[in-house]
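Worksheet for the structure shown next.
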Amino acid sequence: MTEFELFAVELAREAARISLPYFRGTYEEVDKGGPGAFDPVTQADREAEAAIRKLIASRYPEHGIIGEEYGEDRPEAEHVWVLDPIDGTRAFIAGLPLWTNLIALRRRGKPIVGVIGQPYLDEIFLGGPSGARLLKGGSDTPLAVRRCEKLTDAVIATTDPNLFTGSELGAWTQVRAAARLARLGCDAYAYAMLAAGRIDLVAESQLKVWDWSALVPVIEAAGGEVTNWRGEAPDGAGQILAVGDVSIREQALVTLRRAAL
């Protein structure tokens, strides 16, 4: 592993050390959503990001940081860490082991190292220059996407169709109707399963930069691709399409492009 990959794993283990004891336990929780919306943040979110930031500042004080809970610090730096201390906070609150710690390193705006960590399952999905791998229980297993040339054979996922707008929901519904199987509610863990060759396509909307940055190196190193709904590099619009086999990307984009931002 490269220096930055090793450090990303170190950060993931620190995030796990902080967040795991709170899972299915007692913690403070705040709803930062507006009227009619539920956007929770927990004590685990805040403490995990604070701990990661402290390690980054100590090891690489010249690096920038973008985090969900504590904002930006030198986002214009050549190297910037992008943090989502707990992606899937609703799953965390519900006691479901589908939440993850997301950590990415960007160089000149492009994600080059990514970690999707699931502490309860003792899993760290790592992607970067040395490839994609699953670190679990002392083992180090290479990750690779699987071939799936037809959307009709695909296993697909999204977190919650209710997050889509009218046109987006219509596009997703058509893709779902064509696919073999659809799963919901997995948050970033669905992308880990795509890199592991279990899921073939994930489509989502309204994602922030900390929601998707860590996914890109993991999936790309495993042989897949991540784009927006126009088939271009992910951007601030928040529409993400991840595939293991590029053949089904084009089949899905026939529909998704109609709702692309």
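The distance separating the Cα centre of region 44-120 from that of region 155-188 comes to 26 Å. In sequence order, region 245-261 has phi-based couplings of 10, 5, 4, 7, 4, 5, 5, 6, 5, 3, 8, 5, 4, 5, 10, 5, 8 Hz under the Karplus curve 6.51 cos²θ - 1.76 cosθ + 1.60, θ = phi - 60°, and Gly or Pro positions carry x. Amide H contacts of Arg183 (H built 1.01 Å from N, in plane; Pro and chain starts excluded): Ile156, Ala157, Thr158 sit under 5 Å, all sequence-distant by 5 or more or on other chains.
For region 22-33, putting each phi into the Karplus relation 6.51 cos²θ - 1.76 cosθ + 1.60 with θ = phi - 60° gives couplings of 7, 5, 6, x, 10, 7, 7, 9, 10, 9, 9, x Hz, in residue order, rounded to whole numbers and with x for Gly and Pro. Using the Karplus relation 6.51 cos²θ - 1.76 cosθ + 1.60 with θ = phi - 60°, the per-residue 3J(HN,Hα) values for region 124-132 come to 10, 8, 10, x, x, x, 8, x, 10 Hz, with x marking Gly and Pro.
Towards the positive end of the charge dipole of region 151-259, with charges on Cβ (+1 Lys, Arg; -1 Asp, Glu), say which of Val209, Ala252, Ala195 has the farthest Cα. So the residue furthest toward the plus end is Ala252.
If both residues of a DSSP beta bridge must be in region 3-142, then about 90% of such bridges are antiparallel. Shown is the FRET efficiency for Lys32 and Ala94, computed with R0 = 22 Å from the Cβ-Cβ distance and rounded to the nearest 0.05: 0.75. Of all aspartates and glutamates in the structure, the ones whose alpha carbon falls short of 12 Å from that of Lys136, not counting any fewer than 8 places away in one chain, are Asp122, Glu123. Build a GNM of the chain with springs between Cα atoms under 10 Å apart, and of Ala237, Ala214, Ala12 the one that fluctuates most is Ala237.
Roughly what % antiparallel, to the nearest 5, for the DSSP beta bridges in region 1-84? Could the numbers behind the result be given before it?
Values: 6 of 10 bridges.
So the antiparallel bridges amount to about 60 percent of the total.
Pull out a ≥ b ≥ c, the square roots of the eigenvalues of the alpha-carbon gyration tensor of region 151-259, then state rounded if a/c is under 1.5, prolate if not and a/b is larger than b/c, and oblate in the remaining case. Taking the square roots of the gyration eigenvalues as a ≥ b ≥ c, region 151-259 is rounded.
Given a cut-off of 33 Å, what percent of all Cα-Cα pairs of the chain lie beyond it? Looking at the chain, the distances longer than 33 Å represent 15 percent of pairs.
Scanning residues 5 or more positions from Trp81 or on other chains, those with amide H under 5 Å from its amide H are Gly64, Ile65, Ile66, Arg106, with H placed 1.01 Å from N in the peptide plane.
Would you mind working out the magnitude of the charge dipole of the chain relative to its Cα centre, with +1 at each Lys and Arg C-beta and -1 at each Asp and Glu C-beta, to the nearest 20 Debye? Provide the component values of the computation, followed by the final result.
Values: 28 positive and 37 negative charges, 133 e Å.
So the dipole magnitude of the chain works out to roughly 640 debye.
Quick note: the coordinates plus some simple rules give every number you see, no bench work behind them. Bear in mind that the values here come from a model prediction, so they are computed numbers and not experimental data. Heads up, the Cβs are rebuilt from the backbone with ideal geometry, glycines too, and the neighbour counts pull from every protein chain shown.
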